[in-house]
1. Hey, what D do you get for segment 29-181 in µm²/s if you plug the Kirkwood alpha-carbon radius into Stokes-Einstein at 37 °C and 0.692 mPa s?
2. Comparing Glu242, Glu137, Glu29, which has the greatest mean-square fluctuation in the GNM of the chain with Cα pairs linked when under 10 Å apart?
3. Give the percent of DSSP beta bridges with both residues in the chain that are antiparallel, rounded to the nearest 5.
4. Per residue, how much accessible surface does segment 95-178 expose to a 1.4 Å probe? Answer in Å², no decimals.
5. Report, to the nearest 10°, how far helix 240-251 tilts away from the longest principal axis of the Cα atoms in the chain, using its own Cα long axis and a range of 0 to 90°.
6. Rounded to the nearest 10 Å², what accessible area does Leu122 have for a 1.4 Å probe in the complete protein model?
7. Of the residues Val173, Val100, Val48, which exhibits the maximal mean-square fluctuation in a Gaussian network model of the chain defined by a 10 Å Cα contact cut-off?
8. Below 8 Å between Cα atoms, with a sequence gap of 6+, how large is the relative contact order for the chain in percent?
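The values are calculated or read from the model by the stated rules, or taken from the named source; none is laboratory data. In this text, all values refer to a predicted model and were calculated from it rather than measured experimentally. For the accessible areas, the whole protein counts, side chains as well, though only heavy atoms, and no ligand, DNA or RNA atoms are used. Shrake-Rupley method; radii C 1.70, N 1.55, O 1.52, S 1.80 Å.
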Amino acid sequence: MSSLLENQVAIITGSGRGIGREVALLFAEHGGRVVVSDKDEAAASEVVNAIYELGGQATAYCGDVTARDFGENIVKKCIGEFGRLDILVNNAGYTSDALVHKMTDEQFQAMLDIHLITPFRLIRAAAPYMRDAGKKELEQGIVHHRKIVNVSSGAGVNGNVGQANYASAKAGVIGLTKTIGKEWAPYNINTNAVAYGVIDTRLTRPKENGETVDGVAVGIPSKVRDMFIQKIPQKRVGSAREAAEAIFYLASPLSNYVNCQVLEVNGGL
């Protein structure tokens with residue numbers, strides 16, 4: 001295990017599977033301590049156990065990230081367990097696709113709730129342990145970088161047919177990222193976003209597989225998925241591990257002078 005994240009404590013939402021799981025394991029491999037968050041308690045527990053097998057430290061906090069008190073409660077859990085918060089990764093999410101003329105108010109609001117309002121609430125709840133802590137350290141002559149990484153999407157950068165709700169929320173994440181980055185940069189907090197293209201997760205596997213999130217069908221129709229892959233210069237989808245490595249870079253000391261940026265991870269799409 002390397003020590004790039006030694007003694008660093010991270011909250012990672014949606015880390016029971018997929019990209020979030022790989023981020024949690026990668027952080028642990030580099031010495032980080034992790035709060036694993038997922039609605040699925042069994043999945044979260046499995047990741048915690050995997051981290052302990054690596055010789056790392058982790059705890060699970062399960063619940064609905066869209067609940068009004070989720071941010072305050074998970075931060076309280078983190079501070080109670082580890083006494084500090086250095087890295088916040090807003091990763092949880094899913095899609096609910098439809099063409100604009102067929103999209104319901106509920107579908108649109110659901111994407112705003114999980115992809116934009118949830119990160120805002122969590123960042124606000126983290127302020128005493130990130131912004132305020134950084135301010136106190138500066139007064140003592142201590143320079144310690146903390147990191148916020150928000151997960152956006154290529155849809156948020158460029159739009160995407162059938163995803164007006166998702167694209168709008170993910171575009172909002174970019175605005176949130178750049179604003180927090182400017183407000184909190186004086187306190188040595190770097191805030192950046194990753195915008196993924198096609199990464200191999202439940203959200204991008206063939207829709208015909210029948211995978212669901214909270215009863216909502218997820219995935220991409222096979223024909224559409226194949227069309228996307230043909231447009232990718234590297235001619236393949238990215239792995240969850242490759243996606244996690246981008247978050248790791250933005251969460252590590254390697255990015256201490258990177259702020260308010262959107263890192264597109266898409267194989268050149």
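1. It comes out at roughly 194 µm²/s.
2. Glu137
3. The antiparallel fraction comes to roughly 5 percent.
4. 46 Å²
5. 40 degrees
6. Roll a 1.4 Å probe over it and Leu122 shows about 0 Å².
7. Val100
8. Reported relative contact order: 18 percent.
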